[in-house]
Amino acid sequence: MRQLMLDESVFPLGWHICAGPSRIPELERGESESWYMGFCPEGFDGHIGATQHELLRYRNKAEAGHSFPRHGFLNRDLVTPWAVPRTWSYESPLADHFKVACADVNILGVIYRNCQAVAQYDEYISFLNGYVGPQSMTLGDLERILVAIDERMAFYLEEDTE
């Protein structure tokens, strides 16, 4: 699964790996294996701006599909509800299930724009959690990262993204 994880080449210039790759020790959603990586922008101060990518493998496509709704989009610290950004148009041509949404969140009294994406590819679930804004990335950056995930999964699953 390590070869399916992202690397810093798909992130904006100056970003680097700041956590992982490492296995997630607790398999809390029924997965058989899970990995985590964190990516940080240049000048990251350790609070907001990091993007996390998780990749989870289930025993089969049905189990992954059953688990899909349990990934992401928690309601804690929300200032605005989760919603697809008004200018967003990307939909994964490969994923069995795909969802992107952003919300304003209150973290220690500061409002940030948090965006999350979850996609199911056969028995795999990819979860991306990041922040959009001047200290982090743009929606265009987020789309390029999601396209890269699709391309890696397509190559691995020997499917076409067209």
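The values are calculated or read from the model by the stated rules, or taken from the named source; none is laboratory data. Since the structure is predicted, the reported quantities are computational estimates derived from the model, not experimental observations. We place every Cβ from the backbone using ideal geometry, glycine too, and count neighbours over all the protein chains shown. With ligands, DNA and RNA removed, areas are computed over all heavy atoms of the protein, side chains included. Shrake-Rupley method; radii C 1.70, N 1.55, O 1.52, S 1.80 Å.
Using a Förster distance of 25 angstrom, determine the FRET efficiency expected from the C-beta separation of residue 88 and residue 23, and round it to 0.05. Here the calculated transfer efficiency is 0.20. Loop-located trypsin sites (Lys or Arg not before Pro) across the stretch 1-110 with a Cβ neighbour count of 10 or fewer within 10 Å are 76, 86, with loop assigned by DSSP. Evaluating 6.51 cos²θ - 1.76 cosθ + 1.60 at θ = phi - 60° for every residue in the stretch 9-17, the Karplus couplings come out as 5, 8, 9, x, 3, x, 6, 8, 6 Hz, glycine and proline recorded as x. Taken per residue, the accessible surface of the chain reaches 53 Å², heavy atoms only and a 1.4 Å probe. Each stretch of four or more DSSP H residues adds -39500 (n - 2.57); spread over every residue of the chain, this sum gives -5000 deg cm²/dmol at 222 nm.
Here the simple spin-label model places points 7 Å from the Cα toward Cβ, and for residue 104 and residue 158 these points are separated by 5.0 nm. Across the accessible surface of the stretch 7-162, with the other protein chains kept in place and a 1.4 Å probe, carbon and sulfur atoms take up 50 percent.
For 138, 51, the ranking by accessible surface with the largest value first comes to 138, 51, using a 1.4 Å probe.
Computed about its Cα centre, the charge dipole of the chain is approximately 480 debye, with only Lys, Arg, Asp and Glu carrying charge at their Cβ.
Please give the Cα centre distance for the stretch 37-100 versus the stretch 1-25, rounded to the nearest Å. So the two Cα centres are separated by 15 Å.
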